[in-house]
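Right, one structure below, let's go through it.
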Amino acid sequence: MRIRGAKKSGEPVARKEEKTAAGCKANTRLLRRVAEIYDWLDSQIAEHRDLAGCCDSCGRCCDFAAFDHRLFVTVSELMYLAANVSPKGIKPMPAGRCPYNIAGKCTVYKYRFAGCRIFCCKGDKDFQGELSESAVKKFKSLCTEFQIPYCYTDLATALNSLDGGR
């Protein structure tokens, strides 16, 4: 099974920036590109539903400590989340559970990270691994294009560092 990639863009980098909810500057073109990567992921998952698995939205995987896994995110994904949530939307993660899972439901589902889109406890691990590697390549390329240092950080560390300035 092969994951299909998206075409590379040859457009010049736009310089327009906007203030995000977290107080960082974010290039609007960068945010659109993150959304395109998420759309690509969603289309791959829909196309390969038999391998991706069917999530029953139980929320168990959001309890990283209990589920015995960690979620890693990129800087561009954090910028995308920050640009799309309320000013107080970036929450710290003091425990092993995602702070965006409230009463078993994701409160940022539309803006959720690549790892959240890919992982399904009922999915094929090889498919998830291959899709994750493809997504990582896309995010690395995005960071190179926008001259952002590539950093893949666990969610707790990332959210706690962003929230530290409040």
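Bear in mind these aren't lab numbers, they're just calculated from the coordinates by the rules spelled out. These figures come from a predicted structure and were not determined experimentally. Please note: Cβ atoms are built from the backbone with ideal geometry, for glycine as well, and neighbour counts cover all protein chains shown.
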Per residue, the convex hull enclosing the alpha carbons of region 46-163 has a volume in Å³ of 111 Å³
If the chain between T157 and A66 were fully extended at 0.36 nm per residue, the gain over the current Cα-Cα distance would be 31.0 nm
Cβ density ranking, 10 Å radius, fewest first, applied to C62, C151 yields C151, C62
Karplus-derived 3J(HN,Hα) from phi for region 62-71 (6.51 cos²θ - 1.76 cosθ + 1.60, θ = phi - 60°), whole Hz, x at Gly and Pro, runs 6, 9, 4, 5, 5, 7, 6, 8, 10, 9
Count of lysine pairs, region 46-163, Cα-Cα under 26 Å, sep. 8 or more residues or interchain, comes to 17
Whole-Hz Karplus couplings 3J(HN,Hα) for region 93-103, θ = phi - 60° and coefficients 6.51, -1.76, 1.60, Gly and Pro as x, run 10, x, 10, x, 10, 4, x, 8, 8, 10, 6
Residues meeting the amide H criterion for V85 (H placed from the backbone, H to H distance under 5 Å, 5 or more places apart or on another chain) are A21
